[in-house]
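The values are calculated or read from the model by the stated rules, or taken from the named source; none is laboratory data. From a predicted model like this one, the values you see are computed outputs, not experimental measurements. With ideal geometry, Cβ positions are generated from the backbone for all residues, glycine too; neighbour counts draw on all protein chains shown.
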Amino acid sequence: MDFSLVLNEIHDKLKNRNSEGKLAAYIPELAKVDPCKFGIHLLSTDGKEYCVGDYNEKFSIQSVSKVLSLSLVMSIIGEKVWDRIGVEPSGNPFNSIVQLEYEKGKPRNPFINAGALVLADILVTHLKDPKKEFLNYLRILSGNKNLQYNEKVAKSEKSVGYKNASLANMIKSYGNIENDVDVVLDFYFHQCSIEMTCAEMSKAFLPFATHGEAYHLPEPILTKSRVKRINAVMLSCGFYDESGEFAYKVGLPGKSGVGGGIVAVQPDQFSITVWSPKLNEKGNSVLGMKALELFTTKTGISIF
């Protein structure tokens, strides 16, 4: 398969469609991003890279980080994480508080904001220096020792994080957050602010295509069983209340973020990342969704 040819065809077809969608302007710093950026990067399990466009420019990974925090939590407490978080699609916006109250403080899945806040609480409990240790974990996964939080983005998120504060306090009221709410929120805002390139994100997610191992890692990050479970949750819950649409049109486990990044994996073959910052009404990258749909259509590659 000539992935370079396919990616260039997709990029050429979509690059002039950036009039569709809107930036995540409710986070002030994200409103400053160039809306015309568009990059694609594919990394095969044997380390071959295929790329086009703005694949090597940094962007805020936002909710894509939730998969990585879940993987770290599972490496620490294993299946006990599911005592505090469910694995079902939400069918509601990623920051909905209604469902959380109805289900008595147990988030429907780890990829909505409420679920990610519980993951953040677990990491705050178990790590001596959560922000430093989480960043080091992502540096190993991404192969970039200089990976950093974007403090401006973290501060910007905190300045408008009223719904996240409401979610955290609601969860706390049901006893499903153990630590100080402000500490948990600070970690969560920093987690979302991390910046990666498409190339770094593809590398960070390669272990989810290779059963926990990867050519650049000194040892597996997770067992095969845990990778299987994380991929299953990505497939069913990775795109908020558009997860079914992504599974139907693309057919790969994946995760999106309001920074415009989308990453997906094909087990035993590759990880692929697309970045285009303009979002649809569900909070997913317009061109990212379309690019991955075209990719699996053109190549005939999906998990189905």
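What to note about this one:
- Test: residue in segment 164-187 that is closer than 30 Å to residue 46 by Cβ, surrounded by fewer than 21 Cβ atoms within 10 Å (Cβ to Cβ), small (Gly, Ala, Ser) and not assigned by TED's automatic domain parsing to the domain that holds residue 253: no
- Apart from one condition, residue 35 fits all of (1) over 22 Å from the mean Cα position of the chain (by Cα); (2) surrounded by fewer than 17 Cβ atoms within 10 Å (Cβ to Cβ); the exception is (1).
- Of the residues making up segment 112-131, those that are part of a helix (DSSP H, G or I) and β-branched (Val, Ile, Thr) are 118, 122, 124, 125.
- Of the residues contained in segment 60-77, none is found to be touching a Pro at 6+ places or on another chain (Cβ under 9 Å), more than 27 Å from residue 27 (Cβ to Cβ) and at pLDDT 95 or above.
- Of the residues 167, 147, 119, the single one that is touching a Lys or Arg at 6+ places or on another chain (Cβ under 8 Å), among the aliphatic types (A, V, I, L, M) and under 30 Å from residue 98 (Cβ atoms) is 119.
- Number of the exception - residue 46 against (1) of a type outside the set (Phe, Trp, Tyr); (2) in the same structural domain as residue 236 (by TED's automatic domain parsing); (3) modelled with pLDDT of 95 or more: (3)
- Lone qualifier among 271, 243, 236 - being in a strand (DSSP E or B) and either of a type in the set (Gly, Ala, Ser) or surrounded by 24 or more Cβ atoms within 10 Å (Cβ to Cβ) (or both): 271
- Residue 105 meets each of the listed conditions (1) assigned to a loop (DSSP other than H, G, I, E, B); (2) over 20 Å from the mean Cα position of the chain (by Cα); (3) assigned by TED's automatic domain parsing to the domain that holds residue 207; (4) not aromatic (Phe, Trp, Tyr) apart from (3).
- Remark: pairs (first residue in segment 1-15, farther than 15 Å from residue 272 by Cβ; second residue hydrophobic (A, V, I, L, M, F, W, C); Cβ separation under 6 Å; 6+ apart in sequence or on different chains) = 15/38.
- Selection status of residue 156, surrounded by fewer than 23 Cβ atoms within 10 Å (Cβ to Cβ), small (Gly, Ala, Ser), at pLDDT 95 or above and touching a Pro at 6+ places or on another chain (Cβ under 9 Å): yes
- Subset tally (residues that are of a type in the set (A, V, I, L, M, F, W, C) and either surrounded by fewer than 24 Cβ atoms within 10 Å (Cβ to Cβ) or farther than 30 Å from residue 148 by Cα (or both)) for segment 98-117: 2
- Residues of segment 195-233 that turn out to be in contact with a Gly (Cβ under 8 Å, 6 or more places away or on another chain), part of a helix (DSSP H, G or I), surrounded by fewer than 23 Cβ atoms within 10 Å (Cβ to Cβ) and touching a residue at least 40 places away in the same chain (Cβ under 8 Å), as a count: 1
- Any pair with Cβ under 8 angstrom, 6 or more apart, that starts in segment 123-147 at a residue that is on the phi > 0 side of the Ramachandran plot and outside the structural domain of residue 205 (by TED's automatic domain parsing) and ends at one that is assigned to a helix (DSSP H, G or I) and modelled with pLDDT under 95: none
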